[in-house]
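Report on one structure; see the data block that follows.
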Amino acid sequence: MTVLLIDDDHEVLDASRQTLELEGFAVEATTRPEDALDRLGPSWPGVVVTDVRMPGLDGFALLERVRAADPEVPVVLVTGHGDIAMAMRAVRGGAYDFIEKPAEPGHLVEVVRRALEHRRLVLENRSLRAQLAGGGSLEARIIGRSATIERLRTAVAGLADAEVDVLLFGETGTGKELIARSLHDAGRRRAGNFVALNCGALPDTIIESELFGHEPGAFTGAQGRRIGKLEHADGGTLFLDEIESMPMHLQVKLLRVLQERVIERVGGNRPIPLDLRVVAATKVDLLRQAGEGKFREDLYYRLNVVTVPLPPLRERREDVPLLLRHFLDAAAARARRPATPVDAAALARLAAHGWPGNVRELRNVAERMALGFGDGLAGGPVTGAGGGGIEPLAEQMDRIEKQLVEDALARCGGRVGETADKLGITRKTLYLKMRHHGLHRGDFTEE
């Protein structure tokens, strides 16, 4: 990452360069802004720190040129003639921050450090999005760069057109239905129906009818013919999730279907041939279940032609940033709001998390982050606009923010730079908040 320093005053330029180099930054310094423009672009890894008043191309004109090359390159404007009007012009023009001369070394270093971190995150997010969009259909659907996910994608690609039933084994939240759909969509059965049934979500009294369908009068309330899930999946794929929850008497009938590819509707006698593929999924050891008498051993061996294990997220932590970016972008698109940035500290906490709920838990975390709930791990309830005298959360937070900004400005005597530092935000952000809350620097000065 590079800091590009621009100032027509050689002494100021050298002083700023030395200050930043002593802090370990890579610095390129020039007195001619025109010389710096050629290197800027969407992939340039750095920030621009420029004087405002310069002959020829001044700081504001340079800001426009930089934003034309890439609007997400942070530009920090520095001037010895600053006032509120100029600061607001900088904010409206898209400057990352605004510093008054002479720049206090500690403040300059902190602003540059935040700007470089911002740029690093921008470039990292672009790289992640490019990976999400640049792969083939399986790469875009089964997301990850880890070796285990590479092996999983290879297995799915190899099995997609194979006419064998598949057993998926993985913990809750590892994406079993996603893999089942990928097997269907990537194979020759993609034109047929993909029919999903959660065996643990239906009462015993109706699961047989759901699977096999029924004829009129088959039981009380059966007034018309019903096509069951198996028949509806003819020509396509039937996905049976939580297969371990299927009642024992239905396991016998499912075994016959798998062996003969024929069904009879409940209350009917006519055999109906089927051409379908069955993908079953479980989170338990079915062989152990069979040994305990909780699952039919012959059905287990019939399902176990090909078993595909799905890795838990804790065993592929390197995929967390890519998955998180995917879920955040999806949440932002649904909410029609800007994508949520993720700082390095939050990403480190997420990478260290145990993820007992696997990818499903990460998706929920991303949803909370998109709503502004920190790194999303706390998982508290979202408070909407409520009645009963409870002020909506957004209004409460707005009121609290205004009070905090007022208190900070008062303690700092209206000094915007010091106030921004105390609050841990940029001057640009502080000016925007002051304008939003109707606050004026002059109301807090010590004169």
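The values are calculated or read from the model by the stated rules, or taken from the named source; none is laboratory data. This is a predicted model, so every value here is computed, not measured. Backbone-built Cβ (ideal geometry, glycine too); neighbour counts: all protein chains shown. Side chains included, ligands, DNA and RNA excluded: accessible areas come from the protein's heavy atoms. Shrake-Rupley method; radii C 1.70, N 1.55, O 1.52, S 1.80 Å.
Candidates Tyr431, Gln251, Val306 compared by Cα position along the dipole of the chain: farthest toward the positive end lies Gln251, with charges placed on Cβ.
Quick check on region 141-249: take the gyration tensor over C-alpha atoms, sort the square-rooted eigenvalues as a ≥ b ≥ c, and tell me if it's rounded (a/c under 1.5), prolate or oblate.
Prolate.
Using the Cβ-Cβ distance between Thr2 and Arg411 with R0 set to 41 Å, the FRET efficiency from 1/(1 + (r/R0)^6) comes to roughly 0.70. Tilt of helix 248-260 relative to the longest C-alpha principal axis of the chain, in degrees (0 to 90, nearest 10)? Between helix and principal axis, roughly 80 degrees.
The distance between label points at Arg92 and Arg113 comes to 3.4 nm (points 7 Å beyond Cα on the Cα→Cβ vector). Measuring between their Cα centroids, region 425-439 and region 181-205 lie 53 Å from each other.
Is the chain rounded, prolate or oblate when judged by the Cα gyration tensor, a ≥ b ≥ c being the square roots of its eigenvalues, rounded requiring a/c under 1.5 and prolate requiring a/b larger than b/c? It is prolate, given that a/c is not under 1.5 and a/b is the larger ratio.
The angle between the Cα long axis of helix 427-437 and the longest principal axis of the Cα atoms of the chain comes to about 80 degrees, rounded to the nearest 10.
Listed peptides 101-109, 364-372 appear in the order 364-372, 101-109 once ranked by packing, highest mean of other Cβ atoms within 10 Å at the front.
Under 5 Å from the amide H of Gly46 lie the amide H atoms of Thr2, each residue being 5 or more positions distant or on a separate chain, with H modelled from the backbone and absent for Pro and chain starts.
Only protein heavy atoms count here; under a 1.4 Å probe, Asp51 has an accessible surface of about 10 Å². Of all DSSP bridge pairs formed entirely within the chain, close to 10 percent run antiparallel. Evaluated over the chain, the count of Lys pairs having alpha-carbon atoms less than 26 Å apart is 17 (only pairs 8 or more residues apart or interchain). Residue by residue, region 161-172 carries 3J(HN,Hα) couplings of 9, 7, 7, 10, 6, 10, 10, 9, 10, x, 5, 4 Hz when phi is fed to the Karplus relation 6.51 cos²θ - 1.76 cosθ + 1.60 (θ = phi - 60°); x denotes Gly or Pro.
Projecting the Cα atoms of Leu287, Thr2, Val91 onto the charge dipole of the chain, computed from C-beta unit charges around the Cα centre, puts Leu287 farthest toward the positive end. The accessible-area ordering, largest first, of the residues Ser43, Ser127, Ser209 stands as Ser43, Ser127, Ser209, per a 1.4 angstrom probe.
For Trp44, the accessible area of its heavy atoms, probed at 1.4 Å with every protein chain present, is near 20 square angstrom. Near Thr237, the amide H atoms lying under 5 Å from its own belong to Asn193, Phe194, Val195, Arg277; only residues 5 or more places off or on other chains count, and H is placed 1.01 Å from N.
At 1.4 Å probe size, with no ligands or nucleic acids counted, give the accessible surface of Met397 in Å², nearest ten. Number for this one is 110 Å². With a simple spin-label model that places each label point 7 Å from the Cα along the Cα-to-Cβ direction, the separation between Ala61 and Glu264 comes to 9.0 nm. When the Cα centres of region 242-273 and region 1-59 are compared, how far apart do they sit, in Å? Cα centroid of region 242-273 versus Cα centroid of region 1-59: 73 Å apart. Residues Glu315, Glu242 ordered from highest to lowest accessible area at a 1.4 Å probe: Glu315, Glu242.
In order along region 263-273, the Karplus-derived 3J(HN,Hα) couplings, from 6.51 cos²θ - 1.76 cosθ + 1.60 at θ = phi - 60°, round to 10, 10, 5, 4, x, x, 10, 7, x, 10, x Hz, and Gly and Pro are given as x. Of Glu244, Glu163, the residue with the largest accessible area leads and the full order is Glu163, Glu244 (1.4 Å probe). Across region 339-348, computed HN-Hα scalar couplings (Karplus, 6.51 cos²θ - 1.76 cosθ + 1.60, θ = phi - 60°) run 5, 7, x, 10, 7, 5, 5, 5, 5, 5 Hz from first to last residue, x flagging Gly and Pro.
Selection among Pro55, Leu152, Ala348 by position relative to the dipole of the chain gives Leu152 as farthest towards the positive end (Cβ unit charges, Cα centre).
Taking the C-alpha atoms only, the angle from helix 176-185 to the longest principal axis of the chain is near 80 degrees.
If only the Cβ of Lys and Arg carry +1 and only the Cβ of Asp and Glu carry -1, the dipole of region 207-303 around its Cα centre is close to 140 debye. Can you give me the distance in nm between label points at Lys422 and Arg288, each placed 7 Å from the Cα along the Cα-to-Cβ direction? Once both label points are built, they end up 5.9 nm from each other.
In this structure the amide hydrogen of Ala26, modeled in the peptide plane, comes within under 5 Å of the amide hydrogens of Val3, none closer than 5 places in sequence on its chain.
Multiplying the sequence separation of Leu250 and Asn364 by 0.36 nm and subtracting their Cα-Cα distance, what value in nm do you get?
So the extension gain works out to 37.6 nm.
Taking the Cβ of Leu423 as the centre, find all other residues whose Cβ is under 13 Å away and add up their charges (Lys, Arg: +1; Asp, Glu: -1). Value of the local net charge: +2. How would you classify region 1-60 from its alpha-carbon gyration tensor, with a ≥ b ≥ c the square roots of the eigenvalues: rounded for a/c under 1.5, else prolate if a/b is greater than b/c, otherwise oblate? Because a/c hits 1.5 or more and a/b fails to exceed b/c, region 1-60 counts as oblate.
So, with +1 on the Cβ of K and R and -1 on the Cβ of D and E, and no other charges, what is the size of the charge dipole of the chain about its Cα centre, to the nearest 20 debye?
1620 debye
Here region 16-94 is assigned +1 on the Cβ of each Lys and Arg and -1 on the Cβ of each Asp and Glu. Its dipole about the Cα centre then comes out at about 220 debye.
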